[in-house]
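Enquirer: Can you read through this structure? Questions will come right after.
Nothing in this text is a laboratory measurement; each read-out follows from the coordinates by a stated rule. In this text, all values refer to a predicted model and were calculated from it rather than measured experimentally. Backbone-built Cβ (ideal geometry, glycine too); neighbour counts: all protein chains shown.
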Amino acid sequence: MSKQNIHIAMGSLAYAIAKADGIIQIEEKNTIKKLALEEFQVEDMDSEWIEKMFNKLEKDNITIEDAYNYAMDTLESNRFEFDFDLVMKNKCIKFMNRIADSFADSSIAEQAIIQKFNSDVARFL
């Protein structure tokens with residue numbers, strides 16, 4: 001999987017988590033970019049894929065379920081092009097948890113998305 005595809009998928013997952021509590025705050029968007037830079041050790045140019053995907057989904061008011069499914073489809077369909085291993089899975093989960101915890105304790109809806117990801121991604125590890 002190309003790194004670009006992982007970043008696109010992470011943008012979709014970040015959007016789903018941010019939207020899960022009902023409100024996407026501007027501060028959340030800034031925090032997501034910062035967390036992407038930290039968790040994935042990407043440069044600004046690479047983090048733009050996450051940010052662009054997030055903004056596109058927000059602009060189109062995509063449902064949480066559709067954003068999540070798009071991310072999973074992207075990860076699964078590209079899993080052989082990039083070594084999506086346990087280390088990458090754990091980075092993704094940490095990224096998602098940090099987004100959920102960034103402004104308050106994570107909500108039940110946010111944790112449900114993270115647990116679903118943990119379960120769903122196991123099928124292609």
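Enquirer: Can you give the extra length, in nm with one decimal, that the chain gains between Phe124 and Gln25 once fully stretched, where that is 0.36 nm per residue apart less the Cα-Cα distance? Show your work: numbers first, answer last.
Expert: Numbers: separation 99, 0.36 × 99 = 35.64 nm, distance 3.28 nm.
Result for the pair: 32.4 nm of gain on full extension.
Enquirer: I've got another one for you. Tell me which aspartates and glutamates have Cα within less than 18 Å of Lys3's Cα, excluding those fewer than 8 residues away on the same chain?
Expert: Straight-distance partners of Lys3: Glu38, Glu39, Glu43, Asp44, Asp46, Glu48, Glu51, Asp73, Glu76, Glu81, Asp83, Asp85.
Enquirer: Okay, helix-only estimate at 222 nm for the chain: each DSSP H run of n ≥ 4 adds -39500 (n - 2.57), divide by all residues, round to 500 deg cm²/dmol; what do you get?
Expert: After summing the helix terms and dividing by the residues of the chain, the value is -24000 deg cm²/dmol.
Enquirer: Right, something else. If you rank Arg98, Arg123 by fewest surrounding Cβ atoms within 10 Å, what's the result?
Expert: On the way: Arg98 18, Arg123 9.
The order, fewest Cβ neighbours first, is Arg123, Arg98.
Enquirer: Also: Using Cβ counts within 10 Å as a stand-in for footprinting exposure, how do Thr31, Thr63 rank, fewest first?
Expert: Details: Thr31 17, Thr63 12.
With the fewest neighbours first, Thr31, Thr63 line up as Thr63, Thr31.
Enquirer: Still on this structure: Using the beta-carbon distance between Glu76 and Lys52 and R0 = 22 Å, what value does 1/(1 + (r/R0)^6) give for FRET efficiency, to the nearest 0.05? Can you show the working numbers first?
Expert: Values: r = 21 Å, r/R0 = 0.96.
Between Glu76 and Lys52 the formula returns 0.55.
Enquirer: List Ser12, Ser102, Ser107, Ser119 from most exposed to least, where exposure is judged by having the fewest other Cβ atoms within 10 Å. Spell out each step's value before the answer.
Expert: Details: Ser12 26, Ser102 18, Ser107 14, Ser119 9.
Least to most surrounded, the residues fall as Ser119, Ser107, Ser102, Ser12.
Enquirer: Which net charge results when you count Lys and Arg as +1 and Asp and Glu as -1 among the other residues whose beta-carbon is under 9 Å from that of Ala100? Before the final figure, lay out each step's value.
Expert: Values: positive: Arg98; negative: Asp21, Asp101, Asp105, Glu110.
Neighbourhood net charge equals -3.
Enquirer: For Glu39, what is the net charge nearby, where nearby means another residue's Cβ is under 10 Å from its Cβ and Lys, Arg count +1, Asp, Glu -1? Mind showing how you got there, number by number?
Expert: Values: positive: Lys34, Lys91, Lys94, Arg98; negative: Glu38.
Counting the neighbours of Glu39, the net charge comes to +3.
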